[in-house]
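Just so you know, all these numbers are worked out from the coordinates, no wet-lab data involved. As the structure is a prediction and not an experimental result, all values here were calculated from the model. In this analysis, Cβ positions are derived from the backbone assuming ideal geometry, glycine residues included, and neighbour counts consider all displayed protein chains.
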Amino acid sequence: MGLPDERAVAAGHIRAAFTSPRPRRQSGLQPMVLGNSVYAFDEETGRVGHGLSGSRAMRTLIDINPFLGELSRGVRHELASAMSTRQSIRNAQLRGSVGSAVHIVLYGCVYEESSYGEDTTVRIHGSGAVLGIAEIFNPDLLAPTARCLNDTLTLSVPLTRMRAIVEHSGLLGAALGKVLADQLVTAERVYNRRSLMPEQRLAGLFVHLLDRCAVPCTTYGRMIEGPSQTDLADALSVSRATIENALKALRDRNLVTTGYRQYRFPDERELALFGKVRTPSQTVTGSAEVQK
């Protein structure tokens, strides 16, 4: 798969850190999903190095997926074997008029819109999200529409088959219930903080997206790519003008630099502090140097 220029350059400027198809946590290294690859994150330095990509990364993507990782190894791979992989490009529609299916996001960035009468709610999902999770438990719900904001890989299974699998697996049902509860908590902690200034709400959303939707960045290790200003405005239920002003405020504080659908962050810790959200456990400070 081809990468945009900066992502391609980033992949070429970071050193190999994993040499086997399974990530081994040693010397302070942890696996981190950035775009369509699995990278090594150095806890001590905050820097990332290139690891696995392509077919070699698939098992690792499954093992470290925030949802699938909660399952036992046997249940995890049994579920994965019952699903098909789906590679989607930007603007591809995953759910809605294209049919009823459940998608587990392995990497990428997905815009999901739910309608309740005349009101709509938008959420931006990334790695670990389970699209269609509510309909697994309630067949009367209207399926939200979902489209990709950048290159996205999911594990997909028809909704009816997923319901049948859940009926025979209490562990899987419990894990899905936890994901659903986490999504409700995220809605409150990320999207519904209306007492804060718009730039603080946007900073908090960026921190959340860095944890789930990041891609490689040459300067700062990782960045967000895909959402437009309109997408961000929809997610926070504000106008595009409000997002433009919020971005200006963040740029003035040197918390973000922007390009076309790209957002880079010179200091992730300061971004989280300003956004009044918990500092991520994996705070990236840059990419590893090239080894000659």
Eigenvalues of the alpha-carbon gyration tensor of the range 82-191, times 5 and square-rooted, give semi-axes in Å, largest first, of 20, 17, 14
Per the Cα gyration tensor, the range 198-275 corresponds to an equivalent ellipsoid with semi-axes, largest first in Å, of 18, 14, 11
Restricting to Cα pairs under 8 Å and 6 or more apart, the percent relative contact order of the range 52-180 works out to 33
Most packed first (mean Cβ within 10 Å per residue), the peptides 265-274, 240-249 order as 265-274, 240-249
